[in-house]
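Just so it is clear, none of the values below were taken in a lab; they were calculated from the coordinates. Source: prediction; values computed, not measured. Cβ atoms come from the backbone with ideal geometry, glycine included; neighbour counts cover every protein chain shown.
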Amino acid sequence: MKYEKEYACPECGSKLKFKFKPMYHNEYYDCYFYCPNCGFQTFKVDGKPLSRIEANIAKICGLKEFKDENKKDNVISNEKNSLIKNNMKIAFSGTHGTGKTTRVFDEAKRLKIKFPNKTVGILSENVINCPLPINKQTSVMSQLWIFSDQLKNEIEMSTKYDILVCDRSIFDAIAYMYRINKDVANHMLKLGEDFLDTYDTIYFIRSRNDEYLTDDGLRDGEDKKFRAEIDKILEEIYYKKLKCNNIIEL
């Protein structure tokens, strides 16, 4: 059964008419909402498209609790509101030499043109600043430094920009850690799982070609087996361990 309704996009305010087909037949969750003008996607509860903050809170606390709480006092509590900022964060993730940095700058430019009134920030890859060994010579302390620095910078820069485009996600450091110490990597992943919903989208770039694989003094451009190993670990993290629904594979 399809039906047509008019809604205002919670993100850009556009008035839109859509024919909807219910996707989930229960009392909490009727159908998805998509705005073709700004690309915002959300779902509807009780016939109302949820804002970005509301949608993220509903994911955290559960749809039933979210619905019941808003029926009771018609507001989102300050405590839950403080967990999620109404901004956008995108990460380009993948093994070394896959063109992540190039895509980061291309995406930041595209978003700035599309949303000229929004501030767009770029979080560059932090490996170049790591004072400890990297690549195949990396250590537990190296990956902990990279992970904690990435986490700190993402939190800090997310407060400064409306849209943040990241060169790598925190899960990249976890993937390299899995190669050398699975126990420590498992502890890191538990923290990373709680941080997953702060990403609107993670673009997972696979190592299908060697166009960007160069020995530039920083990355290991010779050992393709090592590169493929990290790609496989990231695949397992995103699809098997985390079962991510905010991944776009490139």
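As a quick test, which of the pairs Lys118/Lys241; Lys15/Lys232; Lys152/Lys182; Lys114/Lys152; Lys118/Lys232 have an alpha carbon distance above 32 angstrom in this structure?
On the way: Lys118/Lys241 34 Å; Lys15/Lys232 44 Å; Lys152/Lys182 23 Å; Lys114/Lys152 28 Å; Lys118/Lys232 36 Å.
Violating the 32 Å Cα-Cα cut-off are Lys118/Lys241; Lys15/Lys232; Lys118/Lys232.
In the neighborhood of Leu123, defined by Cβ-to-Cβ distances under 10 Å, what is the net charge if each Lys or Arg adds +1 and each Asp or Glu adds -1?
Numbers: positive: Lys89, Arg168; negative: Glu125, Glu154, Glu156, Asp167.
So the environment of Leu123 carries a net charge of -2.
For Leu164, list long-range residues whose amide hydrogen, built 1.01 Å from N in the peptide plane, is under 5 Å from its own amide hydrogen.
Answer set, sorted by chain and number: Met88, Lys89, Ile90, Gly121.
Using the Cα centre as the reference, give the magnitude of the dipole from point charges on the C-beta atoms of the range 88-249 (Lys, Arg: +1; Asp, Glu: -1; all else neutral), rounded to the nearest 20 debye. Display every interim value, and only then the final one.
Numbers: 25 positive and 26 negative charges, 60 e Å.
My answer is approximately 280 debye.
Over the range 106-242, what per residue volume does the convex hull of the Cα atoms give, in whole Å³?
Values: hull volume 16.8 nm³, N = 137.
Normalising the Cα hull of the range 106-242 by residue number yields 122 Å³.
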